[in-house]
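A.B. asks: Below is the structure I would like to discuss, written out as structure tokens.
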Amino acid sequence: MNELEQYLTDELDKFNKTYDAGYHVSRYMNKELQKRWKKDQKSMDQYWQSIKSIDDVQRSVNIFIGTVESFENVSRGFIEDAYNMDLSLYKAVTAIHKMKQCYDMANDFDFYQFGKDDIDQMFETLYSGLKRMEKVNMNRAYQD
């Protein structure tokens, strides 16, 4: 494992200790969301296989940010909003995990071109999105 691959692994581990998106997206007690999670969970293998480049990973992170932004100015939030944000974060983390796992496969992927500054920027974006998501969820909880 090279130095940047280890750095990416360490940063991903730190993020997962801060917020385990896989745990959160699977914890909803609402029956409809439980059904939806079972369906979404089955599609994660296809999602994993669709991640083939740095652009795919960055797109996943940007989709997470866009999902959070779409709920920031909603006057009345719903539990489905939280699920959608958790799912999009889970997908972003899954994409980063794929990048980590396949970082040194230069013949198949371009992940090795992702440098330390790029990794730092990506995690800054994730942490910022996580803070915003938590604020949205807090506002929704106050409304309930």
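The values are calculated or read from the model by the stated rules, or taken from the named source; none is laboratory data. As the structure is a computational prediction, the values presented were derived from the model and not from experiment. All Cβ positions, even for glycine, are placed from backbone atoms using ideal geometry, and neighbour counts span all protein chains on display. These accessible areas exclude ligands, DNA and RNA; they are computed on the full protein's heavy atoms, side chains included. Shrake-Rupley method; radii C 1.70, N 1.55, O 1.52, S 1.80 Å.
A.B. asks: Hull surface divided by four, with the convex hull built on the Cα atoms of the range 18-98: how many nm²?
C.D. replies: Reported value for the Cα convex hull: 5.6 nm².
A.B. asks: Counting only the heavy atoms of the protein chains, how much of residue 24 is accessible to a 1.4 Å probe, in Å² to the nearest 10?
C.D. replies: For residue 24, solvent-accessible area is about 40 Å².
A.B. asks: So what is the accessible area of the range 86-144 per residue, in Å², with the probe set to 1.4 Å?
C.D. replies: Per-residue value: 53 Å².
A.B. asks: Taking all protein chains in place and a 1.4 Å probe, what share, in percent, of the accessible surface of the chain do carbon and sulfur account for?
C.D. replies: About 47 percent, which is the carbon plus sulfur part of the accessible surface.
A.B. asks: Next question, about the same structure. With +1 on each Lys and Arg Cβ and -1 on each Asp and Glu Cβ, how big is the dipole of the chain about its Cα centre, in debye rounded to the nearest 20?
C.D. replies: Magnitude of the dipole: close to 880 debye.
A.B. asks: When a/c reaches 1.5 or more, the comparison of a/b and b/c decides; with that in mind, is the range 83-134 rounded, prolate or oblate per its Cα gyration tensor?
C.D. replies: It is oblate, given that a/c is not under 1.5 and a/b is not larger than b/c.
A.B. asks: Give the lysines reachable from residue 17 as a straight Cα distance under 25 Å; neighbours fewer than 8 places away on the same chain don't count.
C.D. replies: Cα-Cα hits under 25 Å: 38, 42, 91, 98, 100, 116, 131, 135.
A.B. asks: With every protein chain left in place, what is the accessible area per residue of the range 1-51 in square angstrom, probe 1.4 Å?
C.D. replies: Using a 1.4 Å probe on heavy atoms only, each residue of the range 1-51 averages 71 Å².
A.B. asks: On a 0 to 90 degree scale, rounded to 10, what angle separates helix 116-143 from the longest Cα axis of the chain?
C.D. replies: It is inclined by approximately 10 degrees.
A.B. asks: What residue among 16, 62, 73 has the largest mean-square fluctuation in a Gaussian network model of the chain, using Cα springs under 10 Å?
C.D. replies: Judging by the Gaussian network model, the answer is 73.
A.B. asks: If R₀ is 22 angstrom, what is the calculated FRET efficiency for the pair residue 102 and residue 50, using the beta carbon separation as r and rounding to 0.05?
C.D. replies: That pair, residue 102 with residue 50, gives E of 0.95.
A.B. asks: Oh, and also: Out of every Cα-Cα pair in the range 1-52, what percent are more than 15 Å apart?
C.D. replies: 64
A.B. asks: Can you tell me the relative contact order of the chain? Whole percent, Cα pairs under 8 Å, sequence separation 6 or more.
C.D. replies: Reported as a whole number, the value is 34 percent.
A.B. asks: Report, please, the projected area of the chain averaged over directions, based on the convex hull of its C-alpha atoms, in nm².
C.D. replies: About 8.5 nm², averaged over all directions.
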